[in-house]
Structure formats: C-alpha cells, structure tokens
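Take a look at the structure below.
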Ligand SMILES: NC(=O)c1ccc[n+]([C@@H]2O[C@H](COP(=O)([O-])OP(=O)(O)OC[C@H]3O[C@@H](n4cnc5c(N)ncnc54)[C@H](O)[C@@H]3O)[C@@H](O)[C@H]2O)c1
C-alpha cells in the first residue's frame, strides 16, 4: 500500500528545527513534505528554505503571519523554551498535530494549559524527549520489565553536562537566562526527569532540591579579563575562551561544514571567517563571567515515588566528560548505564554487557533517538502506534521539576508534587 506523505510546517528553523528534524524529514521524502517554515532570523529562513526546498511564498519571518492559517498536517515547534506553550496552544486551535520540542513549558500552569487545549481541540502531540527513543534507554526498560533486577528500589542518576557545552548553552546561549528559557533543571534535565519518572513507574510523591549559580558570575571573572574574548589577554589560556571552544575545537574536529554547536554561530558551510565574526560580534563571544546569566550551574535532588521507588539526581557544569550515568538498584540485581554500555549485574552471576555500539543502528544525535523519534511521530500520525512520549504521558517530569524548583528556592525543603491530602 502506498504510504501517505504528511505535510509538515516548522516553527523555528535553528539547530533543532532546521538541522535535526527538518533535514531528517526532508531525507525521508516518502513520509514527509515540508510545506512551510517560520523563523524571525532571515538568514536561517533563507538557508533552510533553500535546503528544505520550501518555496519563498511559504517562508515566514513573523509568527503572527505564519499562524494566520493552517499550513500543513503537522507543526514542528522548535523555538525558545518559553515560547512553546503559547505556540502549542495556537497550533491546536488551528487543528495541527504537533511535534513539540522539549521542554513542554517552564511553568506548571502552562503545562496544564497545553493539556487542556489538546483535549479541547482533540489533537495529538509528541514531545521530543528523544532519549526515550534511543535503543540504549529502551534496553534498560526491557531489563527492568523482564524482572532481571527484581524490584526496582532506587535510581541513582547524574548528568555531567561538561564545561564547554554548559558554557555554550547555559551561560552564553539561549538557556542562560530564565527570561527566554526554562530553569536549567527543566531546560536541560527534563530528559532525565522524564526517564526517571518513566522507569520509576509511578507518580512522584515528594521532592527536595538544592542548587545554585556558583561560578559563572562577575565575581569570579579573572583579573584583567575583558567583556569579549577577542579583547581579552586570557584568550589563549582560559578554558572557556570562545576562540578555544568555537575555533580551535572546530579545527580539531576536522572543520565540519555543519555541526553543533558551531552551527549555532554560523550557517553552513561553516568557515573560520564566519566563526571569527560570530565571536567578535555575537553572544557566543562574550566572557562567560559577564553574560547576565542566571541558570544554576549545579543542582541535586531527591525524589520519592508513590510505589516506594526512590531516586537521586545530580546535574553539574563541571566535568570534561558529558556522559549520563545511571544505576538502577534492584532487589536481585542492578543495571548500570554509561556512555559505552548497559551492564546488567544480577547478584551472584557474571555481568552481562550490552555495548552501545551494538545497539545503536541509526545515525544522528542522542544515540539514534532523534531519527527514531521521527519514525515514531509518523507512525503516531498514521494511527499505527501510540507515541511513547505523547504529550499527555510526558507531564510527570515537569511536575517533578516545578516542585524541585520550588524546593530549591525555599532552601531545599521537601515539596509535594501534587496538592493532595
Ligand atoms: N530534544 C533535545 O535534545 C534538544 C536539544 C537541544 C535543544 N532543544 C530545545 O529545542 C528548542 C530550540 O533550540 P535550538 O537549539 O534549536 O535553538 P536555536 O536558537 O538554534 O533555534 C531556535 C530558533 O527559533 C527562532 N525563533 C525565535 N523566536 C521565534 C519566533 N517568535 N518565531 C519564529 N522563530 C523564532 C530563532 O531565530 C532560532 O532560529 C529549545 O526549546 C531547546 O531547549 C532540545
């Protein structure tokens, strides 16, 4: 049977909308046709308009014009964090099904508003919690569901973001300030909280959290440092120097014509000249101690779930290696998840190792999660399967994060996730 080709529109053709999803959907031309794009950045609009073969009449630089009418079967929302809620509600009103980039929203009220709109207009939405689609995380799910570790008692999870990624996204970049982005715990760790809630397998009861912005502030600026790296005497010494992170590192990677994070400084084909111009003039060339940022650079939390499962989670900017590390402690065994492998340790038996390289068969970011999410979104819209990250099943992590932020602001007190007796 001939497959239906879904028409899709993309709101925000940046790193995620244009590069991760737009480019992949354009490749999967037997399933998707990109019919309209919208971005306030005219350079990106032109670049992705040409790359994704969207005609000029369907490239919009204003959200209001774009939303004047429905332009496709589905809408991909990939703008800044704090815009997602309003845009998603507008999309449902127009009758779109939605692929919604994480985070769903920064505030509990916004999450509830989106869910209400979805129910009211009867639309489908999938949240881009891409890790849930990676075979690595699916393997953990399978081992827990098969009872290999007995009863799950505790999840120990950590996300060392790594120093250059953190300074790129949460100091210099879009997510540095809660004016445009969700708090760091939501913006960066909604993946982890979604995974933890999913594996715990019950609603979360209570949460406590402590955390702070401890380093990337003017007080920690080295003596004699300047507002921009290009004017700074420490340009060749500071590990956070924009020259080191965006130009030298790009060269070490073989000067790719289009790869993250340099794709956020310049459109493809990326050149040294474009990168230099971006760090001379743009946000990514600012001194990391003078960006007016307020995102926490370290945070820890404890969670208690209604079925008795407990979890602890730690996120930090301060590490070289960016790999998530999870241990699932059960009554008859434990599972360790690292960048290289999932290891099953049934007590008293030899460990069984599942190498990541054997599990991940498709390319792309997030252990194949980006590409497999797109396959799943297509099947969801064809009515062939329920998306694992359907909007209505993706809210627990956000409720946990909202309670954790409340706890952090109150010095780490225990906060109930739901207002119930
Ligand atoms: N799923 C993941 O793993 C993952 C990874 C990184 C980022 N994200 C999320 O994806 C979203 C986009 O991040 P990104 O890295 O692509 O950022 P980006 O800056 O590369 O892209 C955002 C785009 O939105 C555009 N935009 C801003 N306001 C707009 C408006 N009013 N109308 C139309 N376009 C507008 C910007 O010009 C930009 O091109 C964020 O919410 C981020 O948290 C998700």
Completion exercise
Given 63-70, 46-53, 375-382, the highest-first ranking by average Cβ count within 10 Å works out to 375-382, 46-53, 63-70
Exercise for the section: Report, in whole Å, the centroid distance computed from the Cα atoms of segment 258-286 and segment 290-353. Expected result: 33
Fill in the blank from the handout: Percent relative contact order for segment 69-200, counting Cα pairs under 8 Å at least six residues apart, stands at 25
Practice task
Once you've got the GNM for the chain with C-alpha springs shorter than 10 Å, pick whichever of 76, 335, 235 has the biggest mean-square fluctuation.
Solution key: 235
Practice task
Would you mind listing how long the chain runs along its three principal axes, going by Cα atoms, in whole Å with the largest first?
Solution key: 64, 58, 45
Practice task
Decide, for segment 134-207, between rounded, prolate and oblate: order the square roots of the alpha carbon gyration tensor eigenvalues as a ≥ b ≥ c, take rounded if a/c falls under 1.5, and otherwise choose prolate if a/b is larger than b/c, else oblate.
Solution key: prolate
Exercise for the section: Jot down the per residue volume, in cubic angstrom and as a whole number, of the convex hull over the alpha-carbon atoms of segment 6-130. Expected result: 92
Exercise for the section: Work out, step by step, the length gained on full extension between residue 268 and residue 107: first 0.36 nm times the residue separation, then minus their alpha carbon distance; give nm to one decimal. Expected result: 54.5 nm
Problem - segment 218-285 - Rg over Rh from alpha carbon coordinates, Kirkwood radius - result: 1.00
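Relative contact order for segment 6-130: what percent, with Cα pairs under 8 Å and sequence separation of 6 or more?
The normalised contact order for segment 6-130 reaches 23 percent.
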Problem - 222 nm mean residue ellipticity, helices alone, for the chain (DSSP H n ≥ 4; -39,500 (n - 2.57); rounded to 500) - result: -8000 deg cm²/dmol
Problem - Sorted by Cβ neighbour density within 10 Å, fewest at the top, the residues 110, 205 - result: 205, 110
Exercise for the section: Mind jotting down the distance between the C-alpha centroids of segment 366-389 and segment 65-79, whole Å? Expected result: 20
Fill in the blank from the handout: Quick shape summary for segment 260-396, equivalent ellipsoid via Cα gyration tensor, semi-axes whole Å in descending order, reads 35, 24, 19
Fill in the blank from the handout: Taking 133, 347 and counting other beta carbon atoms within 10 angstrom, the fewest-first order is 347, 133
Problem - segment 295-338 - Rg and Dmax from Cα coordinates, angstrom - result: 13.0, 39
Completion exercise
With bins of 5 Å, the percent of all Cα-Cα pairs of segment 333-392 per bin from 0 is 4, 16, 17, 15, 15, 14, 11, 6, 1, 0
Problem - Rounded FRET efficiency, nearest 0.05, which uses the C-beta distance separating residue 248 from residue 65 and R0 of 60 Å - result: 0.90
Problem - Extension gain (nm, one decimal) between residue 41 and residue 233, 0.36 nm per residue minus Cα-Cα - result: 65.8 nm
Handout entry: Inter-part distance where segment 146-205 and segment 11-58 are each reduced to a Cα centre, Å
Key = 28
Problem - At q = 0.10 Å⁻¹, base-10 log of I(q)/I(0) for segment 162-284 (Debye sum, equal scatterers on each alpha carbon) - result: -0.41
Practice task
Would you look at the GNM of the chain, springs on alpha carbons closer than 10 Å, and say which of 274, 349, 243 moves the most?
Solution key: 349
Handout entry: Full-extension gain in nm, residue 121 to residue 50, via 0.36 nm per residue minus C-alpha separation
Key = 22.2 nm
Exercise for the section: In a Gaussian network model over the chain where Cα atoms closer than 10 Å are linked, find which of 254, 95, 176 has the largest mean-square fluctuation. Expected result: 254
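For segment 87-245, divide the Cα radius of gyration by the Kirkwood radius and give the resulting Rg/Rh value with two decimals.
On the way: Rg = 20.2 Å, Rh = 19.2 Å.
Here the Rg-to-Rh quotient is 1.06.
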Fill in the blank from the handout: Fewest-first ordering of 259, 225 by Cβ atoms within 10 Å yields 259, 225
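Each value in this text was obtained by applying a stated rule to the coordinates, not by laboratory testing. Quick caveat: nothing in here was measured; it's all calculated off a predicted structure. No Cβ is skipped: glycine too gets one built from the backbone with ideal geometry, and neighbour counts run over all protein chains shown.
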